[in-house]
Amino acid sequence: MEKKEKIIIGVGILITGIAGFLHYSHANAVLGFVVTAAALAFLAMIVGKATEQLGNRLGPGATGVLQSALGNLPELFVCIFALRAGLDKVVQAALIGSILGNSLLVFGLALFIGGIKNGTQYFRSEPPKMIATLMILAFAALAIPTLAHTLHTPAASHINTLNIFVAIVLLLIFVASLYFFIKGDKSVVPEESTEKNANAWSLPLTLIVLAGAGVGAAFVSEWFVDALQPAMKTLGINEVFAGLVIVAIAGNAIENLVGIQLAFKNKSDYAVSVILNSSLQIALGLFPLLVILSFFLGGAILSFVLSPLLLVALALAVIVSAFIVFDGESIWLEGLALICLYCLIAAAFWWG
Amino acid sequence: MEKKEKIIIGVGILITGIAGFLHYSHANAVLGFVVTAAALAFLAMIVGKATEQLGNRLGPGATGVLQSALGNLPELFVCIFALRAGLDKVVQAALIGSILGNSLLVFGLALFIGGIKNGTQYFRSEPPKMIATLMILAFAALAIPTLAHTLHTPAASHINTLNIFVAIVLLLIFVASLYFFIKGDKSVVPEESTEKNANAWSLPLTLIVLAGAGVGAAFVSEWFVDALQPAMKTLGINEVFAGLVIVAIAGNAIENLVGIQLAFKNKSDYAVSVILNSSLQIALGLFPLLVILSFFLGGAILSFVLSPLLLVALALAVIVSAFIVFDGESIWLEGLALICLYCLIAAAFWWG
Amino acid sequence: MEKKEKIIIGVGILITGIAGFLHYSHANAVLGFVVTAAALAFLAMIVGKATEQLGNRLGPGATGVLQSALGNLPELFVCIFALRAGLDKVVQAALIGSILGNSLLVFGLALFIGGIKNGTQYFRSEPPKMIATLMILAFAALAIPTLAHTLHTPAASHINTLNIFVAIVLLLIFVASLYFFIKGDKSVVPEESTEKNANAWSLPLTLIVLAGAGVGAAFVSEWFVDALQPAMKTLGINEVFAGLVIVAIAGNAIENLVGIQLAFKNKSDYAVSVILNSSLQIALGLFPLLVILSFFLGGAILSFVLSPLLLVALALAVIVSAFIVFDGESIWLEGLALICLYCLIAAAFWWG
């Protein structure tokens, strides 16, 4: 284990402890919210590191599957506790907000910072285009319940059935995409971890860290959801904005740094793949999984029926990022415009 | 005439006879519907063969025009009889359903089967992109009456005038596109028929078969429309779903096999051209022609004003298929996602 | 100064004089409108020539900035006077109409005429794609206030704040894009003016012509706006159609000829850049500038909230032109289809 990794785990344990103390001592809601958000980010990072170590023993294809399964674990926990607390609108906003955050804000930052540092950047390989195309397909499928409901079609009165059908179909495509990447042994994410094999963790250590971080994430997620409503009330922030911007960024913060770092190192193809793949996994995996789970959680039912503005914002993000990928060249100006678009969309949801 | 061709014509005559018997003996509606649908598919195939033979005498450009004119003949007859029976909603749904069927289901099957068989497939030549671009332009034109009506603009109270104007403009582009393909002697469809010249039919035989199949298609179309409503009522299927899925697939079934066969043989450029060109001809040719004809048929007036969900489904199909074509590479996973999207859209129209 | 330039300036002065006479003598409204429109076109052309001369002394980057700042001067004046006269719907329609006119009509004419003359045309260089991508981003930003308003979100009751925020963000991107082009010394517009250096105007002459044409444009703009309403009433044309088609074409007429000429000379990359850049400058520069100015003009407040059909027409134009650019090849048939689409959109606004 590297020194850097030890520090991350140490800080993670420390901050999780503080978050627990603040939670059980019913301290100031905003402070508790900020600290649990930070704890969640550190635990997400530790889960990521442990998954990587486990992946080194399994080959690139299986690593991709593991990362898909475990990478979104903290976000999954947060959404589950939020659904149990009846906050389905927050969960919807957080899921769409994660996609917008990746496809506009993080993608924009990657193009902006990468472009300033390295000049014009090129995406020449196929994976970015393929991911962008699949994302458009996923958007089209996701959009159907909202359209059926908003346009007052007869299907609107059978929305639960339609939701379940859409969820099953999306998960089918998700499983097929995992199979594609394992079978094809084409890793969408860069395989830099191979260099770090010298510092490989032992298998028991890896499993202990993974289990510990997983259990920690489950606890912290509950505290995070508990602190969310009072904190937002204190700060005067409405539920949808909280989900769309704050929960979405807290849940993805560390994960997102990877893509920006890759762009900074002029590995723009990898950067784009990592960033857009993150959006795709939410659309094909996390969202439909939560829709199905919500029927068994005893809290609010999660629906694919979004507010029309949320759906249109998603459509804009998906189309805009696809055109930038298909362009094949990017400049910092496009990155800046993406960041600006993210801010404008967030602004439109500011008023509650 | 090849043995295979003789069998097709024989079976076509036989099944047409059975369909006629079932029609005039007022037999079970569902059985009658299924048999007339099969008869229609065989007659469509025979018209296609005869058109090909006629085309061999005329050069590739003129063949394209002939195929455009005669290839949609059975579908044209069905739509005319349906309009005369007052089923304009079924006709609208069948026309949009044909485009969705080609651009999502058949295109998806071609990518899926071709991808499983041949691995990653490439579309490098220009025609697929050009057809996808023209399809987006055709969609934009087609969308205007629905938008004017749904958004309650002043034009909504002059919708017939707007419909006629849109129809004339679309037919103008259609004629220009025929001229482009004849003049340019670039055939969008593959010219494999040249190999079959050894088995060329004589001109009188060709004309007799063409005339016979054409007259047969006219009769069978009427029986098909007659059987449609009682059969759907028996099966509990609503009108729009019947048009969108059942009539659309029955009208295109055989035609569609060609594109899938081409993808199987790894001729992906041709496959994409044939499949998307079929959608384009409906949008630029068949739909506007029927809108104008409907003023003279004495039945229901056919309008470009679609239900909003039908228009959005069309938009999704057109955008999604364009991105896949512009991608330049395709994998079976994209094919699977297209098929899934088709099923989801169909599901949204299931409830009547 | 070349002979041709002297003639243009002479005719410009003459026709401006006639326009002034017709204005102050309260002559026939339609005649006055036509003559002031012609005067405006000539003054726009003279401002363009003088800007070019000034640019020759400053290098390509600064020329681009100057052309951005001064090229839309006559259109800016017309919009200011129209806002002061309370005609904000006309101004909105004229701004969107300018974008539609460039991205559909002028682009279509360039592809059609260029394609007839030169056969298939290719856009291989990066600027056209980059401009098309930025235009999609600009559209997405522009769309947010209309979406927030039309979908009845809470932001709808804070539309002025949202408008100002969107305007500031768009102007920020506009300034960044100017910086990008100066810094990068990549001129989007072709640098043919270098050949004309032999006939360079002296600096005092350039400044006198520029100032004269600028002041003239200010006066003529006021007369044009004055004549607009009575002329449209006489001709039975509604306000929105007048703005969308007539004001938009009058304000861009001469500017647009350049792009078509370039396509005729088979310089299709340059043609596309010039034409689409013109749309982009309106979306990123002129529209947001006028929204902010409108708060200080004492007339109508200009809002980004468009009628839904206007927004959808803009979306269609932006998407369609982007796909044609991304196609990389164009044929006259695509040009024809673009022209047809422009006519259909205009037709949808004909009824008032």
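The values are calculated or read from the model by the stated rules, or taken from the named source; none is laboratory data. This is a predicted model, so every value here is computed, not measured. Here Cβ is always computed from backbone atoms with ideal geometry, including for glycine, and neighbour counts include all displayed protein chains.
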Quiz item: In the set C:297, C:316, C:289, C:344, which member is at negative phi and outside any helix (DSSP H, G or I)?
Solution: C:297
Quiz item: From the set of residues in the stretch A:236-281 that are outside any helix (DSSP H, G or I) and modelled with pLDDT under 90, which is farthest from the other protein chains (Cβ to nearest Cβ)?
Solution: A:265
Quiz item: Among the residues of the stretch B:207-245, which ones are of a type in the set (Ser, Thr, Tyr) and touching a Pro at 6+ places or on another chain (Cβ under 9 Å)?
Solution: B:221
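Mind listing just one residue for me: the one in the stretch B:144-171 that is aliphatic (A, V, I, L, M) and more than 7 Å from every other protein chain (Cβ to nearest Cβ) and, of those, surrounded by the fewest Cβ atoms within 10 Å (Cβ to Cβ)?
Across the stretch B:144-171, the extreme among qualifying residues is B:168.
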Self-check item: Failed item in (1) at pLDDT below 95; (2) part of a helix (DSSP H, G or I), with residue A:351 passing the rest
Solution: (2)
Quiz item: Taking only pairs six or more apart or across chains, which ones have beta-carbon atoms under 7 Å, a first residue in the stretch B:301-319 that is within 7 Å of another protein chain (Cβ to nearest Cβ), and a second residue that is hydroxyl-bearing (Ser, Thr, Tyr) and assigned to a loop (DSSP other than H, G, I, E, B)?
Solution: B:309/A:153
Quiz item: Of all residues in the stretch C:282-329 being among the small types (Gly, Ala, Ser) and closer than 25 Å to residue B:127 by Cβ, which is modelled with the lowest pLDDT?
Solution: C:328
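Quick grid of which residues meet (1) under 21 Å from residue C:329 (Cβ atoms); (2) among the β-branched types (Val, Ile, Thr):
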residue	(1), (2)
C:236	no, no
C:239	no, no
C:256	no, no
C:260	yes, yes
C:269	yes, no
C:287	no, no
C:291	no, yes
Quiz item: In the stretch B:192-213, is there at least one residue being buried (at least 23 other Cβ atoms within 10 Å of the Cβ), in a helix (DSSP H, G or I) and either at pLDDT 85 or above or in contact with a helix residue (DSSP H, G or I) (Cβ under 6 Å, 6 or more places away or on another chain) (or both)?
Solution: yes
Quiz item: If you take the residues in the stretch C:323-337 that are more than 7 Å from chain B (Cβ to nearest Cβ) and in a helix (DSSP H, G or I), which one is surrounded by the fewest Cβ atoms within 10 Å (Cβ to Cβ)?
Solution: C:332
Exercise. Determine whether the stretch C:123-131 contains at least one residue that is among the hydrophobic types (A, V, I, L, M, F, W, C), within 14 Å of chain A (Cβ to nearest Cβ) and closer than 29 Å to residue A:310 by Cα.
Key: yes
Exercise. With the checklist (1) more than 15 Å from residue C:138 (Cα to Cα); (2) more than 7 Å from every other protein chain (Cβ to nearest Cβ) in hand, flag the one item residue A:352 doesn't pass.
Key: (2)
Self-check item: Conditions (1) outside any helix (DSSP H, G or I); (2) within 11 Å of residue A:40 (Cβ to Cβ); number of the one not met by residue A:225
Solution: (1)
Practice problem: Just give me the residues in the stretch C:312-352 being farther than 16 Å from residue B:173 by Cβ, touching a Leu at 6+ places or on another chain (Cβ under 8 Å) and not small (Gly, Ala, Ser), in sequence order. | Solution: C:312, C:314, C:325, C:349
